[in-house]
Amino acid sequence: MILANKKVCKFGGTSMADADSIKDVEDIVKSDPTRVFIVVSAPGKRFKDDEKITDLLYKAYDTKSDCKAFSAVFGKIKARYDEIIKDLGVALDLKDIYAEIEREIKASDAPYYSASRGEYLSALILAKYLNFNFLDTKEIIKFDGEKNFDSEKTNVLAAKALSKLENAVIPGFYGSDEKNRIVTFSRGGSDVTGSIIARAANACVYENWTDVDGFLTADPRIVKNPRLIDVLSYKELRELSYMGASVLHHEAIFPVKKAGIPINVKNTFDKTKVGTFIRPAAQIEHGDRVITGIAGKKGYSVINIEKSLLNNEIGFVRKVLSVLEKYNISFEHMPTGIDTLSIVLADSEFKIPSQKLLQEISNAVTPDIIGVSTGLSLIAVVGHGMAHKTGTATKIFTALSDENVNIKMIDQGSSELNIIVAVDTVDYEKAINAIYKSFIGRE
Ligand code: ASP
């Protein structure tokens, strides 16, 4: 039977954590015959101090030359899967597969293969349990020699493989390069796999099943009971997830965006909730919603450069940026004034000591003053509703000044989709609460 309205479902680490949660997955899949392509993560945490299988697999790689340490870690991994198999009552003996994985980890010279085996084993077990086909992403998700994801080659291979299958369980997180060596996405990358599969299958929706009700308007660790976002655009999602809203991997939208397929984030443990829909902006009624959500991240610094008549100096910015390029440093924002230029960087991007970096920039552009301010956090206020509307920035600044929060930097994207402010990290929580209260609500 060929279904016109196929759904792709991705289940995250908590949904795959043990037999009980896998039975919830089964209920969800079996309750809707259009849920045919199922992408899975490796088992995640069952309780607060539990270990994620992927973390254990990275540890296994790190200890591969220390026999005792490796056996201890690998033993934990095997025990976890064996328990799942036993509790599900699946007739599957992984002994030979474990032996092969152990051999391959020891022979490998990068952690990718090891890290990928969590998803691989998860998918093998779920395929057997649901009586679905198993489709290995090693064959269909392709990376080039530099480990860059090759989206178009992948789409052709994946579409061809999926067209031959009525159903499949598919491991998330990895693919392979042109020499067929395993390569993984960055952490949380099974979300990207789900999106790739949804595009290739031409699915009517990409359901991303996780352990929360959907996207919240702010981080619940900072704002008490923040409201759920019922619908947001691909672009809003990208901004929010890049800036720290951790429900979805920040690259997960790209494949589905190309095909205009909506994402529906849903809670495996409360399936009755509608969750959050992510759609093209043109399909969203904004009503009087000005901002969609607030997100933020700690750990930033700003390099401030001042030079008289900087605005007349052709090539000034290029010279500064070529120093960053030399050290492979990526920057976040670059607000400019007539005689000033600021560069906002994540602290992790200081790949050389900051004094050395300032010296190199000084040598390149001979500024009057150069310095660095540390201990900053960035807050993104995101929403299509702010476009062509006056007063959004004023409202943000008023909310912050009422709470005595000093704004260190302001940046507004040209699409009027977001306003980013930098504040001292000590003011971070206070600032997010102030903006939330002013735009979204009190509780
Ligand atoms: N298991 C991988 C991780 O923990 C990928 C994923 O779950 O999306 O990052």
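The values are calculated or read from the model by the stated rules, or taken from the named source; none is laboratory data. Nothing here was measured: the structure is a model prediction, and the numbers come from that model. Positions of Cβ are generated from backbone atoms using ideal geometry, with glycine treated the same way; all protein chains shown enter the neighbour counts.
The figures follow:
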read-out	value
Any hit, the stretch 170-186, residues being within 16 Å of the ligand (Cβ to nearest atom), more than 27 Å from L88 (Cα to Cα), surrounded by fewer than 16 Cβ atoms within 10 Å (Cβ to Cβ) and polar (S, T, N, Q)	yes
Tally of residues being closer than 19 Å to G75 by Cβ and either surrounded by fewer than 17 Cβ atoms within 10 Å (Cβ to Cβ) or more than 16 Å from the ligand (Cβ to nearest atom) (or both) across the stretch 123-139	0
Residue selected from the stretch 17-43 under the condition within 16 Å of A79 (Cβ to Cβ) and within 16 Å of the ligand (Cβ to nearest atom), by the criterion nearest to the chain's Cα centre (by Cα)	A42
Filtered residues of the stretch 62-84 (kept if under 22 Å from A17 (Cβ atoms), surrounded by fewer than 20 Cβ atoms within 10 Å (Cβ to Cβ) and not small (G, A, S))	K76, K78, D82, E83
Of all residues in the stretch 257-291 being of a type in the set (V, I, T) and more than 16 Å from the ligand (Cβ to nearest atom), the one that is surrounded by the most Cβ atoms within 10 Å (Cβ to Cβ)	I278
Which numbered condition Y300 misses (of (1) modelled with pLDDT of 95 or more; (2) part of a loop (DSSP other than H, G, I, E, B))	(2)
Segments classed as strands (runs of 3 or more DSSP E), wholly inside the stretch 158-267, with at least 1 members that are touching a residue at least 12 places away in the same chain (Cβ under 8 Å) and closer than 29 Å to Q412 by Cβ	231-233, 263-267
Any hit, the stretch 8-24, residues being closer than 24 Å to I197 by Cβ, among the small types (G, A, S) and in contact with a Phe, Trp or Tyr (Cβ under 6 Å, 6 or more places away or on another chain)	yes
Y120 being at pLDDT 95 or above, of a type in the set (F, W, Y), under 29 Å from the mean Cα position of the chain (by Cα) and more than 15 Å from the ligand (Cβ to nearest atom)	no
Residues (surrounded by 22 or more Cβ atoms within 10 Å (Cβ to Cβ) and under 17 Å from K297 (Cβ atoms)) located in the stretch 208-217	F215, T217
Where A42 falls short, out of the listed (1) surrounded by 21 or more Cβ atoms within 10 Å (Cβ to Cβ); (2) at pLDDT below 95	(2)
Single residue of L358, L324, L378 found to be buried (at least 17 other Cβ atoms within 10 Å of the Cβ) and either small (G, A, S) or not in a helix (DSSP H, G or I) (or both)	L378
